[in-house]
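Undergrad: Have a look at this one before I ask anything.
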Amino acid sequence: MHDFMKIAIKEAKKAQKLDEVPIGAVIVLNGNVLAKAYNKRNSTKIATHHAEILAIEKACKKIGDWRLENAEIYVTLEPCPMCAGAIANSRIKKLVFGAYDTNGTNQNLLYDILNDKRLNHKVETVGGVFEEDCKQLLTDFFKKKR
C-alpha cells in the first residue's frame with residue numbers, strides 16, 4: 001500500500017512542477033500499476049482533468065473496459081464529489097488516500113457517495129496514508145501561491 005502511495009506522491013510532484021494543484025493518483029490491479037496521472041486542469045483548461053479522472057480513463061483504455069473491478073486507486077488527497085462518483089461508477093474496489101480535505105466541503109460526503117445504499121457498488125475506503133507528506137505538498141503549494 002505504501003509503495004503505491006509513494007508513486008501517487010511522485011505524480012503529485014509532477015503536477016506541482018507545472019503549477020497545478022499537486023494531486024496524484026495511481027490505479028493498481030493485481031499488485032501492478034495499471035495507470036497513473038496527476039492534475040492537469042489548469043494546463044488543459046478542462047474542468048474534469050483531476051488526477052483520479054485521468055487515471056481512470058487511462059486504466060479503462062488499457063484494459064478495454066469501463067469496469068475496473070478489483071482495482072485499487074491511491075490518491076494524495078481525499079477525492080472531490082466528482083471523482084468519488086467516477087470511482088464508484090468505474091467499480092473500483094478500494095480507495096486509499098493521503099490527506100483529508102479539510103476545507104469543510106467534503107465532510108462525510110466522500111463516505112456518503114462511495115457507500116450510498118442506493119448505489120449497487122460500494123468502495124472500501126482508507127484515509128490518512130502518508131497524510132503528513134501529502135498535506136505538506138498542498139500546504140507548500142498554496143503558501144507559494146499566496
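Undergrad: Those residues that are of a type in the set (Val, Ile, Thr) and at pLDDT 95 or above, I need them from the range 93-138; list them, please.
TA: Residues of the range 93-138 of a type in the set (Val, Ile, Thr): 96, 102, 105, 113, 123, 125-126, 129.
The answer is VAL96, VAL129.
Undergrad: Assess whether LYS36 counts as being outside any helix (DSSP H, G or I), open to solvent by 70 Å² or more (accessible area, probe 1.4 Å) and out of contact with any Ser or Thr (no Cβ under 6 Å at 6 or more places or on another chain).
TA: Here the answer is yes, as LYS36 does meet what is asked.
Undergrad: Against the definition (closer than 16 Å to GLY128 by Cα and open to solvent by 10 Å² or more (accessible area, probe 1.4 Å)), how does ASP3 come out, yes or no?
TA: yes
Undergrad: Assuming SER90 fulfils every condition listed in (1) surrounded by 13 or more Cβ atoms within 10 Å (Cβ to Cβ); (2) polar (S, T, N, Q); (3) touching a Lys or Arg at 6+ places or on another chain (Cβ under 9 Å); (4) modelled with pLDDT under 95 apart from one, which condition is it?
TA: (4)
Undergrad: Residue by residue through the range 70-80, note down the ones that are open to solvent by 60 Å² or more (accessible area, probe 1.4 Å) and either among the basic types (Lys, Arg) or at pLDDT below 95 (or both).
TA: Within the range 70-80, no residue meets the criteria.
Undergrad: Something else now. Every residue in the range 6-33 that is open to solvent by 40 Å² or more (accessible area, probe 1.4 Å) and in a helix (DSSP H, G or I), please.
TA: Selection gives LYS6, ILE7, LYS10, LYS13, LYS14, GLN16, LYS17.
Undergrad: Before we move on, is ARG67 open to solvent by 30 Å² or more (accessible area, probe 1.4 Å), touching a Lys or Arg at 6+ places or on another chain (Cβ under 6 Å) and not hydrophobic (A, V, I, L, M, F, W, C)?
TA: In short, yes.
Undergrad: From (1) within 25 Å of ASP140 (Cβ to Cβ); (2) open to solvent by 30 Å² or more (accessible area, probe 1.4 Å); (3) β-branched (Val, Ile, Thr), pick out the condition that doesn't hold for ILE53.
TA: (2)
The values are calculated or read from the model by the stated rules, or taken from the named source; none is laboratory data. As the structure is a prediction and not an experimental result, all values here were calculated from the model. Neighbour counts are summed over all protein chains in view; Cβ atoms, including those assigned to glycine, are modelled from backbone coordinates with ideal geometry. What goes into the accessible areas is simple: the full protein's heavy atoms, side chains included, and nothing from ligands, DNA or RNA. Shrake-Rupley method; radii C 1.70, N 1.55, O 1.52, S 1.80 Å.
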